[in-house]
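First comes the structure, then the notes that go with it.
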Amino acid sequence: MKIEEEINQQRPFKDMYQKVGVNILFTASWLSKLQTDVLKPYGLSVQQFNILRILRGMRGKPATVKLLTERMIDKTSNASRLVEKLQRKGLVLRKSCRQDRRRVDIYIEEEGLKVLAEASAQLEAQMADCMSHLEEEEAGQLSDLLDQLRG
């Protein structure tokens, strides 16, 4: 469906730049809602899921809140608060660093890996279904264009 129909646009966009900007924001919101719906049964927010994925990628090495913040997709999220919530759920572990008492190391727990694997499988299936409207080459082109847009 065209963006004009999705948002019930009555007047034409000022130009193609305005149209693509609105379309990107609308599509990002649409994808975020799909992700939220998939992650809800696991008790995870999109941001918490992102933290777990970063920690899994550390392959057993510790992360700090600073590192998590730098690697997160949503840079406005409060990584410290997200880690605290994940710890209460038993998905991550926070430990004081032996070498530097001011530093807190964060690890993903076995339960966190299990929940992440299940949620990832569901999310990947949902995203594959959503993206099935694009050929693989088109998806690559779109990704390249978005990279180009960010400079």
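Any read-out appearing in this document is the output of simple, stated calculations on the displayed coordinates, not a laboratory observation. The shown structure was predicted, so the numbers you read here are calculated from the model rather than taken from an experiment. In this analysis, Cβ positions are derived from the backbone assuming ideal geometry, glycine residues included, and neighbour counts consider all displayed protein chains.
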From DSSP H assignment alone, runs of 4+ in the chain each adding -39500 (n - 2.57), the sum over residues rounded to the nearest 500 puts [θ] at 222 nm at -19500 deg cm²/dmol
The relative contact order of the chain, taking Cα pairs under 8 Å that sit 6 or more residues apart, comes to a percentage of 19 percent
Simple spin-label estimate for residue 5/residue 78, 7 Å along Cα→Cβ, in nm, reads 4.2 nm
Straight-line reach check, residue 95, cutoff 25 Å on alpha carbons, 8 or more apart in-chain or any other chain, hits among lysines -> 61, 66, 75, 85, 114
Reduced to Cα centres, the span from the stretch 1-47 to the stretch 99-116 in Å works out to 33 Å
Of 23-33, 111-121, ordering from highest average Cβ density within 10 Å down gives 111-121, 23-33
Note on the stretch 105-151: alpha-carbon gyration tensor, axes a ≥ b ≥ c; rule is a/c under 1.5 for rounded, else prolate if a/b larger than b/c, else oblate; result oblate
Looking only at lysines whose Cα falls under 21 Å of residue 2's and that sit 8 or more positions away or on another chain, we get 14, 19, 33
Total charge of the residues flanking residue 18 in space, meaning their Cβ is under 14 Å from its Cβ, with Lys and Arg +1 and Asp and Glu -1, is +1
Quick calc, the stretch 32-151, dipole around Cα centre from Cβ unit charges on Lys, Arg (+) and Asp, Glu (-), nearest 20 debye, gives 1320 debye
The Cα radius of gyration of the stretch 1-41, divided by 2.2 N^0.38 Å with N its residue count, comes to 1.40
Scattering profile of the chain from the Debye formula, Cα beads only, expressed as log10 I(q)/I(0) at q = 0.15, 0.17 Å⁻¹, is -0.91, -1.06
A student applying the Cα gyration tensor rule (rounded when a/c is under 1.5; otherwise prolate if a/b is larger than b/c, oblate if not) would label the stretch 14-61 oblate
